[in-house]
Amino acid sequence: MAQMIEVIPRRESSAPTLIRRWLNAIWQTLSPVLMGMLILAGLWQVAAWISGGTLPTPLATASTLRELLSDPFYDNGPNDKGIGIQLMASLGRVFTGWGIGIAIAIPLGMLLGSSAALRKMLAPVIEILRPVSPLAWYPLGLAVLHNAPKAVVFAIVITSLWPTLVNTTMGVQNIPADLKAVSKVFRFSRWRYISKVLLPAAFPAILTGMRLSMGIAWMVIVAGEMLAGGTGLGFFVWDSWNALSLERVMSAILVIGITGLALDRLFSLIGQRMAAWQEGGH
Amino acid sequence: MAPRLLPRTTPNTAILPMEPAPLLEISSVGKNYPSGQGQINILHDIDLTIQSGEFISFIGHSGCGKSTLLNMIAGLTSISTGTMLFDGKSIAAPSPERAMVFQHYSLLPWLSVYQNVYEAVDSVQTEMSKAERKALTNDVLARVGLSNHMHKKPMQLSGGMRQRVAIARAFAVHPRMLLLDEPFGALDALTRGSLQEELLGLWSGDARTETVVMVTHDIDEAIYLSDRIVVFSDGPGATIKEVITVDLPRPRDKQSLMNSPTWNNLRTHLLLSLHC
């Protein structure tokens, strides 16, 4: 007991100790990340040495990246735009294509999840089309839409379709039988069933699908824009390669990676919020 | 789709001229499930007539098909053979007239307690005004003592409280027959006892819900609540072993009943019946 009494006053820390504790906590979480980054930079540096100057060093890339980010939105005509403009162009296409894709995939997945007959009919079609690289659809989009940026968006639509479709179907298929029974016993209308049972029950799976769709769409956009040209991060990468500036290529890779990470984090944050809300939090 | 047998438009009252038309008439009902190359028989030759106003318990070992029979009465599972008439009409689909309380509560976890009941009321009580539906929802929740927990989500409630919500939801649609599938099986003994009392209170206090059919594996629960206890033989291929009438006056007082000879005789009889 005496020991416990001694401990209690210590818990009321003074302001400096609190700050120190805070800094300590931040360091605890950040230090492994920093270690990882340092290892990556080290390996990169070694690779740059081995390549004999072909690959840019991390430091050279950092200075290029700083330069690119210092004025991200400059616009000196069609072939010379800031990286911010390129990023916005890519994001715009990804969100448009992804939005159209999931707007098709979610209702279709709800139908497929609810009907075994429909699943049997469409599963082979989906299984054949799903493994096709979305870029294979690019010429088709080009032929129909007569517009390279629109054809890229079309390829993104196709890309975004599959993960959301498959996950929505699974989510709807796995709605607990008890909840379906409840809606039958209490004679829920179709709309009541969809809004109060089906959508909330399948929501986590739908969100997972949307997240996977977004991840793949973000990967495909770079390749698509390399083909399409004009604007976008993919075009920026290809244009930098043509200008033999690997520092710019590496900088663009970093921007692409960090944006992809941010998009993914956004979805997991939404998912956590929704899960907390479903369990009665806020 | 199971073959629909000819519905009998007039209930067969010739056999028991003194009895009123039964609420539920089960004749030679059986259930088979496809399994591999053949079929597995779950239930066969079920004959049971339930009158309006009765409290019936189904008791038997796990896997004897008592829940299957309850689901068939609910219209959630199709019958393979025989006929099942509710109020003279063949049971074709689930209906709020035969509202069900499920073993695992089956509340919608994303809706509040109030919304869980209100969605059912709103769906079924179509002739009521919105204000009446709201008043009914508040009223049933008050009757199960959940007025102070209306805005909580099911996850925030204890098992007993969740089952109270499910019972309130079922009573709120004014079913003619209430079906309960092992409603208190997952609850501790104390909670189970008070929920049994509340169920009896709701049943005797509501003239619209006259008839209750409950699946249980608790002998004391079956005796305390029921007018008749239907004992099932072991499955697969189960059937009704016997139907025991519980001749105890209502309202029943659990404490004094548990020492009465009738109770003990019934208990011994049921124990032997279930263990042979």
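The values are calculated or read from the model by the stated rules, or taken from the named source; none is laboratory data. The structure displayed is predicted, hence computed values, not measured ones. FYI the Cβ positions are ideal-geometry reconstructions off the backbone, even for glycines, and counts take in every protein chain you see.
The figures follow:
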| item | result |
| --- | --- |
| Matching option when the condition is surrounded by fewer than 20 Cβ atoms within 10 Å (Cβ to Cβ), hydroxyl-bearing (S, T, Y) and in contact with a His (Cβ under 7 Å, 6 or more places away or on another chain), among B:T239, B:T245 | B:T239 |
| Hits in the range A:130-153 (condition: among the hydroxyl-bearing types (S, T, Y) and over 20 Å from the mean Cα position of the chain (by Cα)) | A:Y138 |
| Scan of the range B:52-85 for residues that are more than 13 Å from chain A (Cβ to nearest Cβ), among the small types (G, A, S) and within 20 Å of B:L199 (Cβ to Cβ), ordered by number | B:S52, B:G53, B:S57 |
| Residue count for the range B:206-230, restricted to those that are farther than 25 Å from B:G63 by Cβ, touching a residue at least 12 places away in the same chain (Cβ under 8 Å) and either crowded, with 17+ Cβ neighbours inside 10 Å or not charged (D, E, K, R) (or both) | 4 |
| Test: A:V166 is farther than 30 Å from A:G52 by Cα and away from chain B (no Cβ under 14 Å) | yes |
| Some residue of the range A:271-280 being under 25 Å from A:L40 (Cβ atoms), in contact (Cβ under 8 Å) with a residue 60 or more places away in the chain, in a helix (DSSP H, G or I) and not charged (D, E, K, R) | no |
| Selected residue (only one of A:S240, A:S245, A:S268 is more than 27 Å from A:A48 (Cα to Cα) and more than 14 Å from chain B (Cβ to nearest Cβ)) | A:S268 |
| Top-ranked residue of the range B:89-107 - restricted to ones that are within 7 Å of chain A (Cβ to nearest Cβ) and touching a residue at least 40 places away in the same chain (Cβ under 8 Å), ranked as surrounded by the fewest Cβ atoms within 10 Å (Cβ to Cβ) | B:H104 |
| Helices (runs of 4 or more DSSP H) completely within the range A:123-239 that count 3 or more residues being crowded, with 23+ Cβ neighbours inside 10 Å and in contact with a Leu (Cβ under 7 Å, 6 or more places away or on another chain) | A:148-173, A:199-228 |
| Residue satisfying condition, being farther than 28 Å from A:P204 by Cβ and surrounded by fewer than 18 Cβ atoms within 10 Å (Cβ to Cβ), within set B:K152, B:K134 | B:K134 |
| Lone qualifier among A:S268, A:S245 - being surrounded by fewer than 16 Cβ atoms within 10 Å (Cβ to Cβ), within 17 Å of the chain's Cα centre (by Cα) and among the hydroxyl-bearing types (S, T, Y) | A:S268 |
| Inter-residue pairs, beta-carbon under 7 Å, first more than 18 Å from A:E247 (Cβ to Cβ) and modelled with pLDDT of 90 or more and in the range A:32-47, second outside any helix (DSSP H, G or I) and among the polar types (S, T, N, Q), 6+ apart | none |
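Here is a yes/no grid of residues against (1) closer than 15 Å to A:A252 by Cβ; (2) of a type in the set (G, A, S):
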residue: A:W27; (1), (2): no, no
residue: A:L38; (1), (2): no, no
residue: A:A41; (1), (2): no, yes
residue: A:L68; (1), (2): yes, no
residue: A:G84; (1), (2): yes, yes
